[in-house]
1. Treating cross-link reach as a plain straight distance, find the lysines whose alpha-carbon is under 23 Å from the alpha-carbon of K194, omitting any fewer than eight places away in the same chain.
2. Separation between the D333 and R59 pseudo-spin-labels, each 7 Å from Cα along Cα→Cβ, expressed in nm?
3. Sketch the reach of a paramagnetic label on Q51 as a point 7 Å from Cα along Cα-to-Cβ, and name the residues of the stretch 102-131 whose backbone nitrogen lies under 18 Å away.
4. Can you grab the distance from the C-alpha centre of the stretch 118-170 to the C-alpha centre of the stretch 460-474, Å, no decimals?
5. Please list the non-local residues whose amide H lies under 5 Å from the amide H of M126, H modeled 1.01 Å from N, same-chain partners needing a gap of 5 or more.
6. Out of residues 5 or more away from N145 or on other chains, whose amide H comes under 5 Å of its own, with H placed 1.01 Å from N in the peptide plane?
7. Starting with the highest mean, order 229-235, 353-359 by the number of other Cβ atoms within 10 Å, averaged over the residues of each peptide.
8. What does the extension gain come out to for R391 and I90, with contour length at 0.36 nm per residue minus their alpha carbon separation?
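Coordinate-derived values only; no laboratory data. All figures in this text were calculated on a predicted structure; none of them were measured in a lab. Here Cβ is always computed from backbone atoms with ideal geometry, including for glycine, and neighbour counts include all displayed protein chains.
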Amino acid sequence: MSEALLKLDMVGIAAAIRAGEVSSLEVTRACIDRIERLQPHLNAFIALDSQAALVAAERADQALASGHPAGPLHGVPLAHKDLLYRCGRISTGGSKILREQVATQTATALTRLDRAGALNLGRLNMAEFAAGGTGHNEHYGDCINPWGVARAPGGSSSGSGVAVASRMLFGSLGSDTGGSVRLPAALCGVVGLKPSEGRVSKHGVIARSWSTDTLGPLTRSVRDSARLLAIIAGRDANDPTSSALAVPDYEACIEQPIDKRRIGIARNSYFEGVEVDVDSVLQSVAQTFKVTGAEVVPVDLPDPSVAFELAEIIVKSEAAALHERWLRERPGDYSIAIRSVIEAGLFIPAAHYLQAVRLRGKLLDEFCREVFSKVDVVLLPATPMAAPLLRDCDPNSTCGAAQTMAQFPRFTRPFSYLGLPVLCVPGGFSKQGMPISFQLVGAPFDEPLLLNIGHRYQQETNWHRCAPPLQSFL
């Protein structure tokens with residue numbers, strides 16, 4: 001029974017709980033049992049709050065039995081990247097420095113999930129201070145890709161990607177500064193959504209870069225991401241950078257036909273140097289969209305290296321400003337690789353940072369005029385390769401790891417700099433059996449269209465229903 005429950009996606013399990021077909025307590029116990037079996041092998045969690053989750057599940061069942069209104073995620077177990085504050089609880093940010101720091105506030109996104117009825121199973125592993133894209137963490141242990149135990153799961157929201165892919169839970173929130181939702185989603189074979197800048201409040205979230213941080217869902221299906229986004233999106237008085245634009249009914253939007261849509265497939269540098277398997281999957285994805293009636297047309301995009309380099313300047317500068325005191329007072333509490341990444345920002349001239357900030361609006365305007373005047377969304381790879389071996393991207397290794405790591409955010413970071421919404425969707429597998437995903441990039445606040453097109457793709461395919469072969473661990 002528990003295995004059957006865990007095969008349902010988030011929307012499906014929410015409907016089953018609401019209909020009384022299964023209790024929240026049964027579902028929560030099934031998740032905890034699976035976590036306890038898989039955690040020693042995959043290391044997705046920093047902390048598992050089993051007892052608190054079981055108590056919350058019992059309360060959720062009692063509330064439903066008493067006729068209380070049920071929220072859209074009533075009684076559904078989730079867990080999130082360990083950089084969202086919850087008042088009275090520890091949030092480590094994957095670091096040694098914050099290992100014992102108790103939060104005095106709760107992230108707005110968590111407050112909104114609480115109101116929607118979601119349960120919290122614990123805190124998920126991540127790169128130290130969200131400063132790595134591979135899944136390595138010296139303080140809490142490396143995360144392991146459930147599709148291959150020697151493979152990298154991506155980061156920095158590594159625990160989120162691993163936990164969702166391995167069916168430990170039904171969904172998770174991660175953060176994305178240059179690909180930290182999309183990379184683990186891509187390498188672990190789940191859906192990841194980076195919303196438009198300002199769409200989701202950043203209040204109560206440990207920052208990596210004020211200008212480019214975003215919160216977004218990692219889920220098993222596009223429909224699940226639509227529901228999670230609808231819950232966490234919207235204006236927040238505690239975050240002056242959050243947008244006041246109305247939040248659409250994302251789940252209703254996904255059911256629209258896409259036969260009139262123009263999907264642009266990037267034909268310039270976005271396919272240079274990609275693995276053969278990645279290129280093959282992207283061509284297959286394009287053919288599937290044609291079957292749905294959408295028009296797939298080649299499109300040239302502005303040179304991504306410009307936005308990539310400017311994003312590097314902003315992220316490094318802002319991270320250095322955030323960490324300046326700790327770098328001075330507690331340098332030994334960072335892992336060497338992460339400290340070197342953050343310290344580099346101390347040597348970037350202020351003039352370069354200000355130029356990078358100033359050019360964001362100009363380059364965003366140019367991108368929208370040159371691209372979205374011709375197509376509705378852009379289709380491109382999520383990563384140039386399937387998941388590499390963990391040892392080949394170990395930040396402490398001198399054996400070409402830096403070159404491997406540099407490839408990870410090639411196709412993700414430019415869109416973080418521009419603040420555009422991006423949906424990452426599973427599209428197939430490599431010859432080694434590792435997931436390969438694609439990205440759909442939209443105009444600002446065009447999440448409804450991205451979710452619509454991504455959902456339509458999943459109606460034609462079954463890649464998102466594929467589960468990692470974990471029987472030997474169970």
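1. K81, K202, K316, K362, K374
2. With each label point 7 Å from Cα toward Cβ, the separation is 3.2 nm.
3. It comes to 120-123, nothing else.
4. Cα centroid of the stretch 118-170 versus Cα centroid of the stretch 460-474: 17 Å apart.
5. G159
6. Sorted by chain and number, the residues that satisfy this are R151.
7. Working: 229-235: 21.6, 353-359: 15.3.
So the peptides 229-235, 353-359, ranked by packing, come out 229-235, 353-359.
8. Working: separation 301, 0.36 × 301 = 108.36 nm, distance 3.04 nm.
Taking 0.36 nm per residue and subtracting the Cα distance, the gain is 105.3 nm.
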